[in-house]
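Please read the structure below before turning to the comments.
The values are calculated or read from the model by the stated rules, or taken from the named source; none is laboratory data. As the structure is a prediction and not an experimental result, all values here were calculated from the model. All Cβ positions, even for glycine, are placed from backbone atoms using ideal geometry, and neighbour counts span all protein chains on display.
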Amino acid sequence: MPVDPAYVDYLVQPGGSLSGRVRVPGDKSISHRAVMLGALAEGETRVSGFLEGADALATLAAFRRLGVTVEGPDHGRLRIRGVGLHGLTAADGPLDMGNSGTSMRLLTGLLCGQDFDTTLTGDDSLRRRPMARVTEPLAAMGAHIETAPGGTAPLAIRGGQPLRGIRYEMPVASAQVKSALLLAGLYADGETWVHEPAPTRDHTERMLAGFGMPVERAGAWSGVRGGGTLQGGAIDIPADISSAAFLLVGACIAEGSDLVLEHVGLNPTRTGVVEILELMGADIEIRHRREIGGEPVGDVHVRARPLHGVTIPERLVPLAIDEFPAVFVAAACARGRTVLTGARELRVKESDRIAVMAQGLQALGIQAEPREDGMVIEGGRPAGGTIDSHGDHRIAMAFAMAGLQSDGPITIRDCRNVDTSFPGFAELARSAGLELQTRTAEDAHE
Ligand code: S3P
């Protein structure tokens with residue numbers, strides 16, 4: 001039988017603790033935006049700390065095919081020769097966004113303002129995810145986008161359509177939708193305003209301002225005016241708090257841990273995981289707070305301390321939206337019950353993270369009850385067992401951390417997509433003390 005060499009399992013031995021100082025790779029959300037705005041700017045943009053993971057590389061490859069010259073990545077450095085807002089050229093075929101929802105949704109906004117056609121596609125997971133949340137408001141701006149039945153990718157975007165600014169109230173709190181509309185707004189006649197029902201990550205707004213394009217904010221509204229220009233410059237990307245979150249949880253739950261996560265992006269729209277863990281009793285200290293390129297950064301020092309279950313405040317959900325796989329593992333190792341509500345969005349991430357996490361926790365003997373919009377978890381001590389990550393990077397990394405507190409070895413299947421957001425995860429986690437081995441399909445067939 002042919003084997004897929006890209007198929008990777010994790011084997012985690014129980015016990016151990018996490019210590020030392022580590023720097024996780026660059027922020028995925030900021031890396032995407034750095035490439036996009038750098039490409040659309042006048043002049044050169046120099047980026048450091050770029051995430052060389054498959055998702056951000058998919059964005060980079062797309063812009064190269066749209067006629068943008070980029071040197072790198074070389075140890076996280078890029079030199080992007082901006083072509084200006086109107087300098088992109090047609091790609092010679094469909095652009096494949098792989099597993100990356102951010103690439104697809106933000107590029108849809110940006111590409112419907114061009115004078116050429118583009119088709120965007122992606123892997124099986126991405127082609128199942130909802131895209132009508134961007135294509136419908138973009139259509140209200142005058143865009144012409146054909147989707148597959150059910151509003152999914154592939155998306156065929158017709159160029160040469162004049163766009164007009166709108167005022168749009170998002171039904172879900174989504175930074176990707178907000179960003180797609182603001183990017184389209186750069187090409188629209190008049191002003192484009194987006195209202196968010198709860199605060200979501202504001203990297204697009206901050207970076208546009210850094211490129212000389214002011215984004216007005218009025219309460220929960222953000223607005224841009226079309227017809228301006230962006231000015232390239234230097235961008236230093238901090239470490240991704242969403243990647244740091246796995247080690248943060250690991251160090252909270254594994255007795256004897258004492259870990260410093262260096263240079264972590266601490267944008268207040270991203271730090272929900274720190275707040276949730278603190279509510280659960282975690283010992284987390286932020287040191288050397290500083291601001292770099294318009295984004296707050298700091299070193300996160302965490303020491304193990306027993307956690308207790310909590311009812312997670314719904315206001316924290318969008319501020320920790322990517323961190324729930326890790327938070328669920330923390331809850332599984334805490335004393336008492338943790339209740340999450342108001343998190344239906346987890347069902348449309350790279351996998352259905354409510355269903356897949358509940359199944360995985362149950363496979364480890366933890367009582368986890370999935371709810372339509374969240375989960376109820378009775379904390380305890382995970383047993384060993386086998387988990388299917390369903391090709392979801394964050395599910396794989398979250399369950400790797402469960403090994404620190406489990407009674408037996410944990411095998412996690414299908415971890416190749418960890419490379420989308422955290423290349424080098426296995427090595428870095430090992431260097432901090434996790435007993436993790438990788439096994440490819442080839443190893444298994446030897
Ligand atoms: C992202 C926004 C979030 C998040 C995703 C990255 C971004 O998605 O889950 O990983 O970079 O804008 P939604 O906007 O769909 O909530």
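Are there any pairs, at least 6 apart or on different chains, whose C-beta atoms fall under 6 Å, with the first in region 173-187 and free of Cβ contacts under 8 Å to residues at least 60 places away in the same chain and the second assigned to a helix (DSSP H, G or I) and within 6 Å of the ligand (Cβ to nearest atom), and if so, which?
Every condition considered, no pair remains.
Restricting attention to region 317-333, does a residue exist that is under 24 Å from Arg105 (Cβ atoms) and touching a His at 6+ places or on another chain (Cβ under 8 Å)?
No, because not a single residue in region 317-333 is under 24 Å from Arg105 (Cβ atoms) and touching a His at 6+ places or on another chain (Cβ under 8 Å).
Would you check if there is a residue in region 150-157 being under 24 Å from Pro318 (Cβ atoms), in contact with a Gly (Cβ under 6 Å, 6 or more places away or on another chain) and not β-branched (Val, Ile, Thr)? Quick ask: steps written out before the conclusion?
Of all residues in region 150-157, those under 24 Å from Pro318 (Cβ atoms) come to 151-153.
Narrowing the set further to residues that are in contact with a Gly (Cβ under 6 Å, 6 or more places away or on another chain) leaves 153.
Remaining after also requiring not β-branched (Val, Ile, Thr): 153.
Within region 150-157, one or more residues are under 24 Å from Pro318 (Cβ atoms), in contact with a Gly (Cβ under 6 Å, 6 or more places away or on another chain) and not β-branched (Val, Ile, Thr).
Scan region 52-97 for residues that are of a type in the set (D, E, K, R) and part of a loop (DSSP other than H, G, I, E, B) and jot them down. Steps first, please.
To start, the set of residues in region 52-97 that are of a type in the set (D, E, K, R) comprises 52, 55, 64-65, 71, 74, 77, 79, 81, 92, 96.
Across region 52-97, the qualifying residues are Glu52, Asp92.
Select from region 170-187 the residues that are part of a loop (DSSP other than H, G, I, E, B) and touching a Ser or Thr at 6+ places or on another chain (Cβ under 7 Å) and list them in ascending order. Reasoning before the result, please.
First, pick out the residues of region 170-187 that are part of a loop (DSSP other than H, G, I, E, B): 170-174, 186-187.
Ala173, Ser174, listed by residue number.
Which pairs do you get when a residue that is outside the structural domain of Arg337 (by TED's automatic domain parsing) and free of Cβ contacts under 8 Å to residues at least 12 places away in the same chain, found in region 306-325, comes within reach of a residue that is in a loop (DSSP other than H, G, I, E, B) and surrounded by 22 or more Cβ atoms within 10 Å (Cβ to Cβ), reach meaning Cβ atoms under 7 angstrom, with the pair 6+ apart or on two chains?
none
Picking from Ile387, Ile377, Ile395, which residue would you name as being outside any strand (DSSP E or B), among the β-branched types (Val, Ile, Thr) and not assigned by TED's automatic domain parsing to the domain that holds Leu126?
Numbers: Ile387 fails: outside any strand (DSSP E or B); Ile377 fails: outside any strand (DSSP E or B).
Among Ile387, Ile377, Ile395, only Ile395 is outside any strand (DSSP E or B), among the β-branched types (Val, Ile, Thr) and not assigned by TED's automatic domain parsing to the domain that holds Leu126.
Let's see how each residue does on (1) of a type outside the set (D, E, K, R); (2) buried (at least 16 other Cβ atoms within 10 Å of the Cβ); (3) assigned to a loop (DSSP other than H, G, I, E, B):
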| residue | (1), (2), (3) |
| --- | --- |
| Ile276 | yes, yes, no |
| Gly281 | yes, no, yes |
| Gly298 | yes, yes, no |
| Val327 | yes, yes, no |
| Ala330 | yes, yes, no |
| Gly365 | yes, yes, yes |
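For region 395-418, indicate whether the set of residues that are of a type in the set (Val, Ile, Thr), under 17 Å from the mean Cα position of the chain (by Cα) and surrounded by fewer than 17 Cβ atoms within 10 Å (Cβ to Cβ) is non-empty.
Step one: of region 395-418, the residues of a type in the set (Val, Ile, Thr) are 395, 410-412, 418.
Next, only the ones that are under 17 Å from the mean Cα position of the chain (by Cα) stay: 395, 418.
Among the residues that remain, those that are also surrounded by fewer than 17 Cβ atoms within 10 Å (Cβ to Cβ) are: none.
No; the residues of region 395-418 include none that is of a type in the set (Val, Ile, Thr), under 17 Å from the mean Cα position of the chain (by Cα) and surrounded by fewer than 17 Cβ atoms within 10 Å (Cβ to Cβ).
Give Asp352, Asp388, Asp373 a once-over and let me know the one that is surrounded by fewer than 20 Cβ atoms within 10 Å (Cβ to Cβ), within 20 Å of Glu435 (Cα to Cα) and under 23 Å from the mean Cα position of the chain (by Cα).
On the way: Asp352 fails: within 20 Å of Glu435 (Cα to Cα); Asp373 fails: within 20 Å of Glu435 (Cα to Cα).
Exactly one residue qualifies, and that residue is Asp388.
Let's see how each residue does on (1) outside any loop (DSSP other than H, G, I, E, B); (2) surrounded by fewer than 23 Cβ atoms within 10 Å (Cβ to Cβ); (3) outside the structural domain of Glu350 (by TED's automatic domain parsing):
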| site | (1), (2), (3) |
| --- | --- |
| Arg105 | yes, no, yes |
| Leu110 | yes, no, yes |
| Asp115 | no, yes, yes |
| Leu120 | yes, no, yes |
| Pro130 | no, yes, yes |
| Ile157 | yes, no, yes |
| Tyr168 | yes, yes, yes |
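Being modelled with pLDDT of 95 or more, touching a His at 6+ places or on another chain (Cβ under 7 Å) and surrounded by fewer than 17 Cβ atoms within 10 Å (Cβ to Cβ) is the requirement here; does Arg287 meet it?
Working: modelled with pLDDT of 95 or more: yes; touching a His at 6+ places or on another chain (Cβ under 7 Å): yes; surrounded by fewer than 17 Cβ atoms within 10 Å (Cβ to Cβ): yes.
So Arg287 passes the test.
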